[in-house]
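The values are calculated or read from the model by the stated rules, or taken from the named source; none is laboratory data. Fair warning: this is a prediction, and the values are worked out from it, not measured in the lab. Virtual Cβ from ideal backbone geometry, glycine too; neighbours counted across all protein chains shown.
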Amino acid sequence: MPLLLTSCSPLRRSLLCPVSLFFIHKTANLSLIMSSNNMADPRRQNKILRYKAPSTETNVTLEDPTPDYMNLLGMIFSMCGLMLKLKWCAWIAVYCSFISFANSRSSEDTKQMMSSFMLSISAVVMSYLQNPQPMSPPW
Amino acid sequence: MRTLYLLLIPALLLLLAIPVSRGRYNDDFDDGEDLADFDDNDFAEFEDMNDDLASEAETTPPPPRASPSSQPEEEEDEDEATVELEGDQDGFEDSDTQVADGPGSRDGFSHSFNGRKEAKRQISSAALQVPAHLQNSWESYYMEILMVTGLLAYIMNYIIGKNKNGRLAQAWFNSHRELLESNFALVGDDGTSKEAVSTGKLNQENEHIYNLWCSGRVCCEGMLIQLKFLKRQDLLNVLARMMRPAGDQVQIKVTLNEEDMDTFVFAVGTKKAMARLQKEMQDLSEFCGDKPKSGSKYGLPDSLAILSEMGEVTDGVMDNKMVHYITNHADKIESIHFSDQFSGPKIMQEEGQPLKLPETKKTLLFTFNVPGMGNTSTKDMDALLPLMNMVIYSIDKVKKLRLNREGKQKADRNRARVEENFLKQTHAQRQEAAQTRREEKKRAEKERIMNEEDPERQRRLEEAAQRREQKKIEKKQMKMKQIKVKAM
């Protein structure tokens, strides 16, 4: 571009100057935009990796044992309540199954939860059917 | 759906409790009038005087009347005289015997009547001590009412806690969405859909844990963000937190490609967190053996400590911008861990050391504390945005950070040392494992030979096996000879 300008006559030079400047400006802008795009947009569609749920061995923190323990406790208490006819056992079983439900993971089977609920409720109901008297406090 | 179930259950309980308790005492409630008749019939012979006394007896404590009426079944089974819970048995008996004398004995009548009055008073006083479970009122079921109230409180707390956690997660995502979408091609993925399309929402693991997977960027494979909130939905946890305050946490794990990071191990965080990580994490315990250094040497607040493989790494990572970020948000930073040998926490195995070195992955881990220490509001989530900027900056920085020649050599030597140590420790076990494998092979071959039906082939196989054994023994002898010669 500069060479062309020097070889031209002054008249042409005066005409070409703004045009050349305009073009230089444009290309400079374009290269700037392109480089800034590359720098500014770090996203790469081709580098996408799908989500893989972390295995339980590596992710100990996700393995909270509370819901499983509470489930087991609930079942034990409800069996005690049913067989030994202890009302307080049955009530504790209801509480245990509620706690287990509140702490459970969303991937867990709801059937398991519902079955422990139903077992504890049935323990309470059976205790009261057999013995409708109110529960006496331990003190 | 879940909450509906929860509400149904106490409702069911209450409904069941009502008929059960009513059923028994239905008849007895109607006996009020009959009892007056009962008394009248009994004392029919003393009718004249009886009217006054009957009315008197009925007016004097009417409430205790209810109690003896509630024990008619039991009382009827026993003798009349055995309302002798307390009080003068003798007096009562006397009056009884006197009454039994017959209607003619008017002299003893006043006596016996006083005796009856006495008896009634005794009944009423005894009735005041009737055990609660034999009274028929809702108040006697106060334990049950307490239990059901407790359950209702638990359910209310569950709903409130769940909603709060959900709102906090959504607030976090809303404030960070723009930044993430401008940096990652895939924001939000649960791994189940066929196409890699951004779901644009968080995965809910639990009522208190939310995940977000972002991928599709230069310099990294992907970023997993975990919002670990407090268990606000569990009343027991809420009560435990009153004793021991805790805060919500945001954990970010960035996995890198092999070429994205040079070989170094580095960590910075609160002193407590650093002490814990140094003990728990496999790579930090192996490569950063020294005690955590105070952060004040590098311009960080005193509350933070640094664990590093070598000084050059710390100088490289702690440039001005990082120091600026960390100093400004020191209260929110729990730990920052960069490692090319990350393999998670140390695994305690029962059979001693594992036979293989655990798999390592180039990872950047960030753990941030949400401000508010449990009493967070949705506005606090905006305060975490600069920390996400720091994460993005770190990813780019780690890509550019390269150790010089000396540093690289030192790092390589460290890694070789660790591997050697590991091999030495497991040497005995690996030998054992190799021995068992060889024996297995021999046994398998012998079995094959035995199973061959054709005796000719059997013999040939046996001979081949023997020849192989011979060759092995010869080879070993040769080796030993060579070693001896060399030693000489």
- Hey, can you tell me all the residues within region B:315-335 that are touching a helix residue (DSSP H, G or I) at 6+ places or on another chain (Cβ under 8 Å), in a loop (DSSP other than H, G, I, E, B) and not basic (Lys, Arg)? B:318, B:319, B:329
- Task: Determine if region B:461-479 includes at least one residue that is outside any helix (DSSP H, G or I) and surrounded by 11 or more Cβ atoms within 10 Å (Cβ to Cβ).
- Result: no
- Message: For the list (1) part of a strand (DSSP E or B); (2) among the small types (Gly, Ala, Ser); (3) at pLDDT below 90, I need the number of the one condition that residue B:222 fails.
- Response: (3)
- Answer yes or no: is there a residue in region B:136-152 that is closer than 30 Å to residue A:133 by Cβ and surrounded by 22 or more Cβ atoms within 10 Å (Cβ to Cβ). yes
- Might you let me know whether region A:101-109 holds any residue that is hydrophobic (A, V, I, L, M, F, W, C) and either touching a strand residue (DSSP E or B) at 6+ places or on another chain (Cβ under 7 Å) or modelled with pLDDT of 75 or more (or both)? yes
- Item | Members of region A:99-139 that are among the aromatic types (Phe, Trp, Tyr) and facing chain B (nearest Cβ under 8 Å) | A:101, A:117, A:128
- Item | Complete set of residues in region B:374-393 that are surrounded by 14 or more Cβ atoms within 10 Å (Cβ to Cβ) and farther than 25 Å from residue B:216 by Cβ | B:374, B:376, B:378, B:380, B:383
- Query: Between residues in region B:460-486 that are closer than 19 Å to residue B:448 by Cβ and residues that are not in a helix (DSSP H, G or I), which pairs lie under 7 Å by C-beta distance while being six or more apart or on different chains?
  - Reply: B:461/B:452
- Which numbered condition residue B:213 fails, given (1) out of contact with any helix residue (DSSP H, G or I) (no Cβ under 8 Å at 6 or more places or on another chain); (2) touching a residue at least 40 places away in the same chain (Cβ under 8 Å); (3) closer than 30 Å to residue B:167 by Cα; (4) within 12 Å of another protein chain (Cβ to nearest Cβ): (2)
- Message: Of everything in region B:262-299, what is of a type in the set (D, E, K, R) and in a strand (DSSP E or B)? Give them in sequence order.
- Response: B:293
- Being over 30 Å from residue B:285 (Cα atoms) and at pLDDT below 90 is the filter; apply it to region B:416-446 and report the residue that is surrounded by the most Cβ atoms within 10 Å (Cβ to Cβ). B:445
- Of the residues in region B:306-338, how many are buried (at least 17 other Cβ atoms within 10 Å of the Cβ) and of a type in the set (Gly, Ala, Ser)? 3
- Task: Would you please name the residue that is modelled with the lowest pLDDT, looking only at residues in region B:180-195 that are surrounded by fewer than 17 Cβ atoms within 10 Å (Cβ to Cβ) and under 33 Å from the mean Cα position of the chain (by Cα)?
- Result: B:191
- Message: touching a residue at least 12 places away in the same chain (Cβ under 8 Å) and more than 22 Å from residue B:360 (Cβ to Cβ): is that true of residue B:302 in this structure?
- Response: no
- Query: If you go through region A:65-75 one residue at a time, do you hit one that is within 30 Å of residue B:186 (Cβ to Cβ), under 22 Å from the mean Cα position of the chain (by Cα) and surrounded by 14 or more Cβ atoms within 10 Å (Cβ to Cβ)?
  - Reply: no
- Please verify whether region B:162-179 includes one or more residues that are more than 10 Å from chain A (Cβ to nearest Cβ), in a loop (DSSP other than H, G, I, E, B), among the aliphatic types (A, V, I, L, M) and closer than 25 Å to residue B:382 by Cβ. no
- Out of B:453, B:406, which single residue is farther than 30 Å from residue B:310 by Cβ and among the acidic types (Asp, Glu)? B:453
- Task: Using the structure shown, decide if residue A:134 is part of a loop (DSSP other than H, G, I, E, B) and either surrounded by 15 or more Cβ atoms within 10 Å (Cβ to Cβ) or free of Cβ contacts under 8 Å to residues at least 60 places away in the same chain (or both).
- Result: yes
